[in-house]
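As structure tokens, the structure follows; a few thoughts come after it.
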Amino acid sequence: MAEHEASAVKKVGILTAGGDSPGLNATIRGFGKAAIGRYGMELVGFRDGIRGLAENRFVPLDSKALSGILTVGGTILGTSRDKVHRMEVDGEIRDMRETIAENLKAEGIDALVVLGGGGSQKNAMRLAKVGVNVIHLPKTIDNDVAGTDATFGFTTALEIATDAIDRLHSTAHSHHRIIVAEIMGHKAGWLALGAGIAGGADVILIPEIPYDIEKVVATINRRVERGTSFSVVAVAEGAMDTDDARAMANAQALLDGASTPEAKAAAKAHKAALETAHRENTFMLARKLEEATGMEARVTILGYVQRGGTPCGVDRLLATRLGAAAADAAAAGHFGVMVASKGDGTELVPLENVAGVLKTVPLDHPWIKAAREVGTALGD
Ligand code: F6P
């Protein structure tokens, strides 16, 4: 039998939760190879994220199962967007935390590794509070997890969105059109900003900077006056004009201040209605630009193509580093933490320091400065 290094855990479960992201399988592989090969742990994978965890659905993951998945997109385990403390089960909303903790104990699973973004990090912390030995690894194409330099999936999505903007340039140019490209990111604009800069978009609109439509129109008209008869606008899903941003902030304030269940329900419904209306934002923006400039405008929603397919080299490297470091953390008995990327290395960050904290783009971030310096309009 092969010699293994000492480990605080013998049997460990892993799951992928939230929206899928390139690099999930590379991370499962990175963790699994180190956990099994170096520490001799037994590994199981829960199906369909938190849903499968609550339903105790898992499969054994041996070395063979980890082979050949480094480059595979999506997640071999499946995923879901469930919450451990409010999950729909048999038609009712239930708190599954105790059930999950009991199941893990009954199966002899000493620790749980959760691959996910901000929502999954909150789930991980909720489980830690009921005694589960949990380790979180930061995944998301949105790059919005606080306390880590990077999240796997982001760089791949950045490459995909940048390539799309490149391609949209040539068609915008040929037809003398405005092309509005919608890029993922409801609350944080990292992807739209990064891909917009890398792809040379003329206007970049992100949630952190409410835009003034008149200023966007002026940018496009100025380009036409200078002899450039096309414009590419990169807009994040969650970007809003100043009026909508104000209305949304008021709705949030109403919700935060609601003191009765009735007031809370009404405020929630009001905010949800605004969010629903906002789903059409990119199309409305294109229509307004068309009306104001007299140019033709077209919309391209990049959508799920940004999350699909094989991870790029940078994400495979990050995934492998984080996965291997998580195996070290589990073996050393460090739980209730996120394995964060810091420079070339990793750091264990207590979940209570980061869970629920969204990393948005700071207004003085170097990317914003660089965009402005090269003359990219940010709508403000
Ligand atoms: O959280 C990642 C993300 O891709 C966001 O950028 C996007 O807004 C959202 O997921 C879409 O979620 P869903 O998969 O539930 O449609």
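The values are calculated or read from the model by the stated rules, or taken from the named source; none is laboratory data. Bear in mind the structure is a predicted one, so any value in this text is a computation, not a measurement. Neighbour counts run over all protein chains shown; Cβ positions are idealised from the backbone, glycine included. When the accessible area is computed, the model is the full protein with side chains, heavy atoms only, and any ligands, DNA or RNA have been set aside. Shrake-Rupley method; radii C 1.70, N 1.55, O 1.52, S 1.80 Å.
For the reader, a short list of remarks on this structure follows.
- For ARG86, ARG97, ARG298, the ranking by accessible surface with the largest value first comes to ARG86, ARG298, ARG97, using a 1.4 Å probe.
- Computed over the chain with a Gaussian network model linking Cα atoms closer than 10 Å, the most mobile of VAL59, VAL134, VAL44 is VAL59.
- With all protein chains in place and ligands, DNA and RNA left out, the 1.4 Å accessible area ranks ASP82, ASP243, ASP328 as ASP243, ASP328, ASP82, largest first.
- Computed lengthening from ASP380 to HIS186, 0.36 nm per intervening residue step minus Cα-Cα distance: 68.0 nm
- Region 33-115, relative contact order [Cα under 8 Å, separation at least 6], %: 25 percent
- For SER174, the accessible surface of its heavy atoms amounts to roughly 80 Å² (probe 1.4 Å, protein chains only, rounded to the nearest 10).
- Cα gyration tensor, region 253-380 - rounded (a/c under 1.5), prolate or oblate: oblate
- With respect to the chain, whose longest principal axis is taken over its alpha-carbon atoms, helix 97-106 is tilted by about 40°.
- Solvent-accessible area of HIS334 with every protein chain in place, 1.4 Å probe, in Å² to the nearest 10: 90 Å²
- Just so you know, the averaged projected area of the alpha carbon convex hull for the chain sits at 20.3 nm².
- Region 1-77: C-alpha gyration tensor shape, a/c 1.5 cut-off, then a/b vs b/c: oblate
- Shape box of region 254-324 [Cα atoms, principal axes, largest first, Å]: 49, 46, 15
- Value of relative contact order over the chain, rounded to a whole percent, pairs C-alpha under 8 Å and six or more apart: 24 percent
- Length-normalised contact order of region 158-307 in % [C-alpha pairs under 8 Å, at least 6 apart]: 33 percent
- Accessible-area composition of region 44-161, carbon plus sulfur, in percent [1.4 Å probe]: 45 percent
- Sites GLU352 and ARG298, calculated FRET efficiency, Cβ-Cβ separation with R0 51 Å, nearest 0.05: 0.65
- In the full protein context, region 242-318 carries 61 Å² of accessible surface per residue, based on a 1.4 Å probe and ignoring ligands, DNA and RNA.
- Shape class of region 15-157 from the Cα gyration tensor (axes a ≥ b ≥ c, square roots of the eigenvalues): oblate, since a/c reaches 1.5 or more and a/b does not exceed b/c.
- Sequence-distant lysines (8 or more away, or on other chains) whose Cα lies within less than 29 Å of LYS64: LYS10, LYS11, LYS33, LYS105, LYS139
- Beta bridges per DSSP with both ends in the chain, % antiparallel, nearest 5: 30 percent
- For PHE283 and LYS64, a Förster radius of 45 Å and the Cβ-Cβ distance give a FRET efficiency of 0.40, rounded to the nearest 0.05.
- Separation of region 180-236 from region 1-25 is 40 Å, based on Cα centroids.
- Computed from Cα atoms, the angle from the helix 118-129 axis to the main principal axis of the chain rounds to 30 degrees.
- Taking a straight line from the alpha carbon of LYS83, these aspartates and glutamates sit under 14 Å away, with near neighbours fewer than eight places off in the same chain left out: ASP48, GLU55, GLU92, ASP95, GLU98.
- Residue among ALA150, ALA101, ALA263 with the largest mean-square fluctuation in a Gaussian network model of the chain, springs linking Cα atoms under 10 Å: ALA263
- Spatially proximal aspartates and glutamates relative to LYS215 (Cα-Cα < 12 Å; intrachain offsets below 8 disregarded): ASP241, ASP380
- Across the alpha-carbon set of region 158-307, the Rg to Rh ratio works out to 1.04, Rh being the Kirkwood radius.
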